[in-house]
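We did not get these values from a lab; they are worked out from the coordinates using the rules stated. Model, not experiment: these values are computed from the prediction. Every residue, glycine among them, receives a Cβ derived from its backbone with ideal geometry; neighbour counts consider all protein chains shown.
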Amino acid sequence: MLNAVRFWILLSTWLVSAGWILSALHQLNRAGYAVMLALAVLAVICWRQKIFPPGRGNFLHAARKLFHRCRRPLPLLFLAMTLLVLVGGALYVPSNNDSNEYRIPRVWHWLAQGQWHWIHTLDDRMNIAGCGFEWLAAPLMLFSCGDRLIFLVNWVSYLLLPGLIFSVFTRLGVRPRVAWWWMWLLASGWCYVMQAGSTANDSFAVIYALAAVDLALRAREKNSVTDLCLSLLAAALLTGAKQTCLPLAALWLVAAWPGARLLLARPALALMTLAAGVLVSGALMVFFNLQHTGSWVGVPPDSKWSQCALKSPFWGVVGNAFCIPQENLQPPYLPGVNAWNEAMHHFLKTPFGAHFSSFEQFGHLAQGASEADAGIGLWIVLLTLVSLWAARRYRLPATTKDKKNCRQQWLLRWLPWALLLLFMAKVGTYPIARQLAAYYVFLFPCFLVGSGQAGLVRRRWWQRVALLVLLLTAGLLVVARNRPLFPAETILVPLKEKYPRWKFLAKAWDSYACRLSVETQRNAFHNSLPADEAVVGYATVRGSQEAGLWLPFGHRLVQRVLPDDSNEQMQAAGVHFVVLDCDEGLAMLGMTIGDWTNRYDAFLVDSIQYETQPGLIGTDYLVRLNPPRQK
């Protein structure tokens, strides 16, 4: 496991560094990546023994060991979940809203121009958000000319999660037996297992956070400069993944500080690692955000997206103390969600509710848990509460080792809770539960170090409940709304028509049918657009259709259309057809399709409708610009 973690950190470092370096050289293309790959292979050949120490046994020994472990129920269920996730990711197109709105399109824009650049768009997220996930996905998108493979970034990260949890937990004082059980349980957390087959970018950063702490602690134990340097790279990658992960760098600092003197023995290696760390961290995005917006996070105070920064830290903590548990306790399906959201809307109009007006959709819930909103999950929360209550009955006598209180261990166990308070005081976005994916695992060691947990995990009833948690999570993957692994349409549509009075069947199908809107949008207007049209415009604020307009990559370019762009400017750029997003474009700009065509001298060619959410219909339009009139 350790060599696999080291390889993933180095691979991530290479991919992120390659993205920035090739951008600086205007060579973000296949030839550029081929040269970078050759240099990486040469470096691995030269330093393989130092970076990847030879392990015990060979490949066959490791395979037999893995097979033996998977004969036990929990590892076997984890293996089954990874296979279910792999199948779901391979079968379905990316359906994550954020990915389709800005993460995937921004990569296509970079690849089309051969470099990272500040994109001409109304969606600030395409420019200001961290690039860590995108740089890992860019080569997959470039060489496959599509975006179907980028879920592998999350899937590979997910494979490393249980082993890293065990290693970190045992180093923080959790007993090995307890750590063994909880490494499988926490790996079944909904935010991890649901995102493992998706293109979301919340959970993959937890691997960097765990690796940063684990390798820093190992470096001190083994006097290993290599592990300390790798831990620095992992911490840097963590900060480059998302701005919300920045506070977790404090955990690496606490873990690495006692062994920092090791870097003095290899100053050249330390400087090289530091330079690479700066390159792959969030430092470059902070620089560009300051340069273009005047704010390090990229959101100016007067921007309409500034609600992600709460006006009052106190009310931020109070509000998130409600929102975070609420979202983590959300069941797989919530039939009364509309009534709940309406009640929250009225609550915000009260004098007390006004304190939470700076939150983005305070108290809002989705129809059911999914990759876009799930936290650690209902099953894990309930099991944790049961375990904390039951562990009091099974306390074991304290040993001499237990009585030794290591200050560093104590700080690493409780510092995550202080960082969580900092997060709660500053962030008010929706949904916040999934954005804490990199934090959750660090919140558990302070509860699991007690001797009562060691006695509890030996109890047969508790082991059966833990096994049930993984079984329920595996079942949730089969019936997931975004990537169902059963023939939902074949089963539900005939039943809905045969039993029209059974409303739950109609609601169930509506929930699954929304997934089809993603495929509808991706394939929309392909027949209406001329095959030789080299550039197409996209008029939106934060719409999700652009990802499909690029496919297959290299066939055409997509250019965002802003309200200030004129007909002449667009046609000078080669734009003759424009796709308009009604809900996320025209409505947000306060315009109708008639207003737009009159203003830009265009006429309607085609339109499509699709169900964005149960009962909510969206519309997209395809228009053609009239030739500029001769003056």
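Values as computed for the structure displayed
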quantity: Centroid-to-centroid separation of the stretch 559-586 and the stretch 430-480 [C-alpha atoms, Å]; calculated: 48
quantity: Most to least packed among 121-131, 278-288 [average Cβ atoms within 10 Å]; calculated: 121-131, 278-288
quantity: Long-range amide H partners of VAL605 with built H, under 5 Å; calculated: LEU622, VAL623, ARG624
quantity: Cα Rg, Dmax, the stretch 514-602, angstrom units; calculated: 12.9, 38
quantity: Residue-averaged [θ]222 nm for the chain, counting only DSSP H segments that reach four residues, each worth -39500 (n - 2.57); calculated: -17500 deg cm²/dmol
quantity: Degrees between helix 225-241 axis and first principal axis of the chain (Cα, 0 to 90, nearest 10); calculated: 30
quantity: Net charge dipole size for the chain [Lys, Arg +1 and Asp, Glu -1 on Cβ; Debye, nearest 20]; calculated: 3980
quantity: Förster radius 41 Å - calculated FRET efficiency between ASP510 and TRP47, Cβ distance, rounded to 0.05; calculated: 0.15
quantity: Positive-end residue, the chain charge dipole about Cα centroid, Cβ charges, pick of GLN195, VAL441, LEU142; calculated: VAL441
quantity: Beta bridges by DSSP in the chain, antiparallel share as percent, to the nearest 5; calculated: 65
quantity: Placed amide H near THR199: partners under 5 Å, 5+ positions off or other chain; calculated: SER95, ASN96
quantity: Spin-label pair ALA418/ALA34, simplified geometry with 7 Å Cα→Cβ offset, distance in nm; calculated: 5.2
quantity: Principal-axis tilt of helix 337-347 within the chain, Cα atoms, nearest 10 degrees; calculated: 90
quantity: Cα centroid separation - the stretch 329-352 against the stretch 146-179, whole Å; calculated: 34
quantity: Per-selection metrics, the chain (Cα): Rg and Dmax in Å; calculated: 25.5, 93
quantity: Net lengthening on full extension, LEU495/LEU83 (0.36 nm per residue, minus Cα-Cα); calculated: 145.4 nm
quantity: Cα long-axis angle, helix 205-222 against the chain (0 to 90 degrees, to the nearest 10); calculated: 30
quantity: Label-to-label distance, nm, for residues given as ALA343 and LYS222 (7 Å Cα→Cβ offset); calculated: 5.4
quantity: Cα centroid separation, the stretch 199-219 to the stretch 1-39 (Å); calculated: 19
quantity: Potential extension, GLN361-LEU76 segment - 0.36 nm per residue separation minus Cα distance; calculated: 98.6 nm
quantity: Cross-link partners of LYS496 among aspartates and glutamates (Cα-Cα below 18 Å; sequence separation of 8 or more within a chain); calculated: ASP510, GLU611
quantity: Derived scalar couplings ³J(HN,Hα) [the stretch 426-435; Karplus, 6.51 cos²θ - 1.76 cosθ + 1.60; whole Hz; x for Gly, Pro]; calculated: 10, 10, x, 7, 10, x, 7, 4, 6, 6
quantity: Cβ-defined net charge surrounding ILE376, 15 Å radius [Lys, Arg +1; Asp, Glu -1]; calculated: -3
